[in-house]
Amino acid sequence: MNQASLYALVVIAAGCSSPKSKACHERMAEAQAVVSAVDSNSLDSVDRSIAAIQSAEATCAANGMAGELSELRAARDRLSSHRVLLVERDERKRSSTLTPEQLDKYVKSGDPNCPKGQGYLHKASGKEIKCTGPRPAEMPRSQAEAYFKAHGFRAMAEATAERMMMESGGERYVFYYRGENGSAPFCLLIYPKPGIPWQEASSKLTGISPEKFKPGGAVTVSGRLLAIVVDEKNDNARLGECPEKG
């Protein structure tokens, strides 16, 4: 994706000048300014552009501007696809920088930088490496953010000091933290990728078998009992002491 194509992603609609359309078009213009200056080789720069488009989407959706909203979504999808390529590039770079000693250690003892129960193929050597690190539900915020970003997710603009929000396409996870950064999340909101059961997504985050996740039940993660509340209609779940609105 080159700079010229990125610049053309957001097109400001003209014509009607009602208060609703004006609010939407003003936010689209702000997004256009960010997108036109994007560095297509920088993951952070692409993330800022996606966040700017999402902000415009929220305003246009609130004002019922369906045409503009459709265009913004197409722009975001295109940038998100490019983001996946950047993440894959960064993963290849990290893999290629392993020394022979590090590679040998990881093959024998596992990689502590990825969650237990997972694994990956070291492309240069063709060797399988098992993961031995904590699972996302056990990670402090900084480590959880790094984990999700390495898997193609990006931080959402609505995140706060106590709330981490990571998104990739139709998949979204919201973790709540309290106290120091070394603590694990006390609440996990799970919005799986369409077609993926919430039990499967919950299992991946915690390392607990999917069949143990039952609505109204609870699971224990690193000594913490997390209650399970499920929205069966929308196939998403809340684990832990979660606020009423996520």
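General observations
- Long-range neighbours under 7 Å by Cβ, at least six apart or interchain, first residue exposed (fewer than 13 other Cβ atoms within 10 Å of the Cβ) within segment 183-211, second aromatic (Phe, Trp, Tyr): Ser183/Tyr177
- Selection of segment 53-75 for residues being without any contact (Cβ under 8 Å) to a residue 40 or more places away in the chain and either crowded, with 24+ Cβ neighbours inside 10 Å or part of a loop (DSSP other than H, G, I, E, B) (or both) yields only Cys60.
- Any hit, segment 111-118, residues being part of a helix (DSSP H, G or I), surrounded by 17 or more Cβ atoms within 10 Å (Cβ to Cβ) and in contact with a strand residue (DSSP E or B) (Cβ under 6 Å, 6 or more places away or on another chain): no
- Sole exception among (1) in contact with a Gly (Cβ under 7 Å, 6 or more places away or on another chain); (2) closer than 19 Å to Ala157 by Cβ for Ile53, by number: (1)
- Qualifying residue in segment 87-94 (condition: closer than 30 Å to Ser209 by Cβ and either in contact with a Lys or Arg (Cβ under 6 Å, 6 or more places away or on another chain) or surrounded by 13 or more Cβ atoms within 10 Å (Cβ to Cβ) (or both)): yes
- Any hit, segment 131-153, residues being in contact with a Pro (Cβ under 9 Å, 6 or more places away or on another chain), of a type in the set (Gly, Ala, Ser), over 28 Å from Ala51 (Cβ atoms) and modelled with pLDDT of 85 or more: yes
- Considering segment 80-107, and only residues there that are part of a helix (DSSP H, G or I), modelled with pLDDT under 85 and among the hydrophobic types (A, V, I, L, M, F, W, C), the residue that is nearest to Gly169 (Cα to Cα) turns out to be Val84.
- Residue check for Phe175: in contact with a Phe, Trp or Tyr (Cβ under 8 Å, 6 or more places away or on another chain), within 27 Å of Arg48 (Cβ to Cβ) and not in a loop (DSSP other than H, G, I, E, B): no
- Look at (1) modelled with pLDDT of 95 or more; (2) in contact with a Lys or Arg (Cβ under 7 Å, 6 or more places away or on another chain) and you find that Gly170 fails only one, number (1).
- Taken over segment 212-246, the residue count meeting the criterion of being touching a residue at least 40 places away in the same chain (Cβ under 8 Å), of a type in the set (D, E, K, R) and either part of a helix (DSSP H, G or I) or in contact with a helix residue (DSSP H, G or I) (Cβ under 7 Å, 6 or more places away or on another chain) (or both) is 1.
- Subset tally (residues that are in contact with a helix residue (DSSP H, G or I) (Cβ under 9 Å, 6 or more places away or on another chain) and of a type in the set (Val, Ile, Thr)) for segment 154-195: 1
- For segment 160-200, the tally of residues that are within 13 Å of the chain's Cα centre (by Cα) and not basic (Lys, Arg) stands at 15.
- For segment 146-157, the count of residues that are under 30 Å from Glu244 (Cα atoms), in the same structural domain as Ser222 (by TED's automatic domain parsing), among the small types (Gly, Ala, Ser) and part of a helix (DSSP H, G or I) is at least one.
The values are calculated or read from the model by the stated rules, or taken from the named source; none is laboratory data. Predicted, not measured: the structure shown is a model, and the values here were computed from it. Cβ atoms come from the backbone with ideal geometry, glycine included; neighbour counts cover every protein chain shown.
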